[in-house]
Amino acid sequence: EPEKVEYLVEGKTEGERTYKIRGAFMEAERKNRNGRIYPKSVLEKEVSRYVKEEIAEGRSVSSLDHPPAPEVKLSDACHLITDLKWDGNIVLGEARVLSTPAGMTMRALMRDGVKTGVSSRCLGSLQNGYVGENLRLLAVDVVANASAYASTVVESIVENFDFIISGNSITQVAVEKFQQDLAKNGQRKLV
């Protein structure tokens, strides 16, 4: 039986709230509902890469429902994964729901008590039901029915912001980070 979803709401106004989801995001060494088994060594390596290259760089966006194509599109962004860590064979995760159109839909679902799960969106080879060493984690999307048994229900959390938005300060931070990234990585031609 799936766990009950717990909703925590703090803050007096909608603008003061942060919405989060937390729970089992992936599972190793157990056949999922799609008939796949993720070997722990393969999943550990890819989760480690994802944490370093995607979460640490603020690029770990995911969608509400699996999109039809495998690539991550910012126009579909629902939440930003902020943490992945191991507990036995389970990858525990936390994500902050964004204020994008998909994120606003997710916030409404959370407020209305809708139970959700998460499902990883990956690329890689499959042999005899086992996911191969070339596994590439793209996203962990919020879905109605999760493929991993442990990811059936995630806890939804709503918390206060730890800061106050004043004027254009958020925009200035984003521009400053973009300028730092550009200086660090150089310019790239956009096609």
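Given all pairs of different Cα atoms, what value in angstroms does the Kirkwood hydrodynamic radius of segment 28-90 take? For segment 28-90, the Kirkwood estimate is 13.2 Å. Shown are His66, His79, whose ranking by accessible area with a 1.4 Å probe and every protein chain present, most to least, is His66, His79.
What full-extension length gain, to one decimal in nm, is calculated for Leu126 and Lys31 as 0.36 nm per residue of separation minus the Cα-Cα distance?
Values: separation 95, 0.36 × 95 = 34.20 nm, distance 1.27 nm.
Full extension from Leu126 to Lys31 adds 32.9 nm.
Full extension of the segment from Ala69 to Asp87, taken as 0.36 nm per residue of separation minus the current Cα-Cα distance, would add 3.4 nm.
Scanning residues 5 or more positions from Ser60 or on other chains, those with amide H under 5 Å from its amide H are Ile81, with H placed 1.01 Å from N in the peptide plane.
With charges set only on the Cβ (+1 for Lys and Arg, -1 for Asp and Glu), what does the dipole of segment 7-126 come to about its Cα centre, in debye to the nearest 20? List each step's numbers first, then the result.
Details: 20 positive and 17 negative charges, 52 e Å.
In debye, rounded to 20, segment 7-126 gives about 260.
Pick out, in residue order, every one of the GluC sites (Glu not before Pro) in segment 53-90 that is DSSP loop and has at most 11 other C-beta atoms within 10 Å; say none if there are none. Provide the component values of the computation, followed by the final result.
Numbers: sites: Glu53, Glu54, Glu57, Glu71; in loops: Glu57, Glu71.
Passing both the DSSP loop test and the Cβ count: Glu57, Glu71.
The values are calculated or read from the model by the stated rules, or taken from the named source; none is laboratory data. The shown structure was predicted, so the numbers you read here are calculated from the model rather than taken from an experiment. Please note: Cβ atoms are built from the backbone with ideal geometry, for glycine as well, and neighbour counts cover all protein chains shown. Just so you know, the surface numbers come from the protein's heavy atoms only, side chains and all, with ligands and any DNA or RNA stripped out. Shrake-Rupley method; radii C 1.70, N 1.55, O 1.52, S 1.80 Å.
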